[in-house]
Amino acid sequence: MATRTSKRTLYRLRGVSPTVDAMFDALDTDQLERVHADFHVPENLGVPAVLVTGSFEQPVASWCDEIFRTTGIEVSRQVNRSAGLLMLAVDGEVYAIGYDQGFRLVPDRLKDHRFGLSFASRRVDPGRIRDLVSHTPGAGRTDITLIPSGASVWSLGVVEHAQIVRRLGGHLDDVPLTISRDNPAKISSAEGGAGLRLRLGVEGADLIADIRAIARVLSEEKPSPELEFVEHVVPVDDPGLLTRLETALDDLLGQEPDGRIGVAVPADHWDDYNAARGFRARINSDAAGRSTDDFDLDYVLCRARVQRAGSRVAALREGTVTLYRHSRADRTDEVWTSSALRWIEAEVSLDSHRFFLMDEDWYEIDQEYLKANRSHAERRRVAGWSQTMAP
């Protein structure tokens, strides 16, 4: 009997109108040509949808040349990875699901980078956390914790006011999804970051029902009290404030490096980063760019510094960083290309407020959360002092 569910990663897209034409227009045409994409418009889902299929082909695997140099034996093997991408609009929101390498067709600039994390903070059991990734701004440090059996969030040592959670996974706490509809006692899990990875219905009606159940959680529920700290990072969406922040960052990019700008591997591409053997950065240049065996922050900052004042942030946003599966950095070895701005983190203070640039977006530590956190810490300190003074 065919299973009713399959583990997939669901993305919610920003700035895409819920129409077939808008979904087509949102895709990267160069990348679609590279995978020899075929397009389909599913009609059985009852909602606007687009299906893209193709394959990432490599005529000769990157390891063949090394094998010849090592053994003297000529080997020629192709690499062909399939790619499927389903985009669908449900109740005015556009979502995307990748199959095999299809997730690479989802434009990074369109992803809602807090979507999966917001769901996880509401419905993952705080006592059964299996996967937590946190980042310490300004320190260039990412902590990854994996506990297959699950553990209480308080046992993981997260410093609430100093670390930003980038991914959270664990056992789900009673969500009406396809996987549990027939058997409410069945245990399921989810991992939330930019995307939400969990078992989703395979049948069209089940998939749409699952997406609606997820959307209801996000619109109607608040984070679990034990996981409120996950959402203390608030995206900045005020146009005037964003302009001020970009101006401040532009000025910072024009100065000699002093540690206020660091490296931050894009949160949804750690696996690609670990697998990459070559990197190439190109910032406002017609030349091939600089190739290295790791991301070269010094080079990127140098290229930004020589740009005209007021254009430095734009130069990084339009610049690219490409990852390769082989150090020769040939086009056929490409793994992933992104905006160079996604690779830096920065901290800017305005009017006594702290803002962080992460994954090309600006965030602020919620001031009300900080006040409550400090108040709670002070109460604990006073209580502890009182106990030590008791006779």
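The values are calculated or read from the model by the stated rules, or taken from the named source; none is laboratory data. The structure displayed is predicted, hence computed values, not measured ones. Positions of Cβ are generated from backbone atoms using ideal geometry, with glycine treated the same way; all protein chains shown enter the neighbour counts. Note: accessible area is taken over every heavy atom of the protein model, side chains too, but ligands, DNA and RNA are not part of it. Shrake-Rupley method; radii C 1.70, N 1.55, O 1.52, S 1.80 Å.
Heavy-atom accessible area per residue, the chain, 1.4 Å probe: how many Å²?
On the way: 19940 Å² over 391 residues.
Computed with neighbouring chains in place, this is 51 Å² per residue.
Can you tell me the length gained on complete extension of the stretch D173 to T19, counting 0.36 nm per residue apart and subtracting the Cα distance?
Details: separation 154, 0.36 × 154 = 55.44 nm, distance 3.33 nm.
Extra length available between D173 and T19 comes to 52.1 nm.
Suppose every Lys and Arg Cβ carries +1 and every Asp and Glu Cβ carries -1, with no other charges. What dipole size does region 24-73 come out with about its Cα centre, to the nearest 20 debye? Could the numbers behind the result be given before it?
On the way: 2 positive and 9 negative charges, 44 e Å.
Computed about the Cα centre, the dipole is about 220 debye.
If a/c stays under 1.5 just call it rounded; otherwise compare a/b with b/c (prolate if a/b is bigger, oblate if not). Do that for region 7-144, with a ≥ b ≥ c from the square roots of the Cα gyration tensor eigenvalues.
Values: a/c = 2.42, a/b = 1.23, b/c = 1.96.
Verdict is oblate for region 7-144.
FRET efficiency for I144 and E43, Cβ-Cβ distance as r, R0 = 56 Å, nearest 0.05?
Numbers: r = 42 Å, r/R0 = 0.76.
According to the calculation, E is roughly 0.85.
GNM on the chain, C-alpha springs below 10 Å: top fluctuator among A89, A315, A288?
Judging by the Gaussian network model, the answer is A288.
Name the shape class, rounded, prolate or oblate, that the alpha-carbon gyration tensor gives for the chain, where a ≥ b ≥ c are the square roots of its eigenvalues, rounded holds for a/c under 1.5, and otherwise prolate holds if a/b is larger than b/c and oblate otherwise.
Numbers: a/c = 1.61, a/b = 1.13, b/c = 1.43.
It is oblate, given that a/c is not under 1.5 and a/b is not larger than b/c.
Using the beta-carbon distance between E228 and T136 and R0 = 25 Å, what value does 1/(1 + (r/R0)^6) give for FRET efficiency, to the nearest 0.05? Before the final figure, lay out each step's value.
Values: r = 19 Å, r/R0 = 0.77.
Rounded to the nearest 0.05, the efficiency is 0.85.
Could you check the spin-label model distance between D237 and D28? Points 7 Å from the Cα along Cα→Cβ, value in nm.
Computed distance between label sites D237 and D28 equals 2.6 nm.
Give me the distance in nm between label points sitting 7 Å out from Cα along the Cα-to-Cβ direction at S152 and E57, one decimal.
With each label point 7 Å from Cα toward Cβ, the separation is 5.7 nm.
Given the Cα-Cα distance of R331 and A309 and 0.36 nm per residue of separation, how much length would full extension add, in nm? List each step's numbers first, then the result.
Working: separation 22, 0.36 × 22 = 7.92 nm, distance 3.27 nm.
Once the chain is fully extended between R331 and A309, it gains 4.6 nm.
Give, as a single signed number, the net charge of other residues whose beta carbon lies under 10 Å from the beta carbon of T332, with Lys and Arg counted +1 and Asp and Glu -1.
-1
Can you divide the C-alpha Rg of region 191-293 by 2.2 N^0.38 Å and report the result to two decimal places? Walk me through the numbers on the way to the answer.
Numbers: Rg = 20.3 Å, N = 103, 2.2 N^0.38 = 12.8 Å.
Compared with the compact-globule rule of thumb, region 191-293 sits at 1.59.
Between A287 and V75, what is the label-point separation in nm under the 7 Å Cα-to-beta-carbon projection?
3.6 nm
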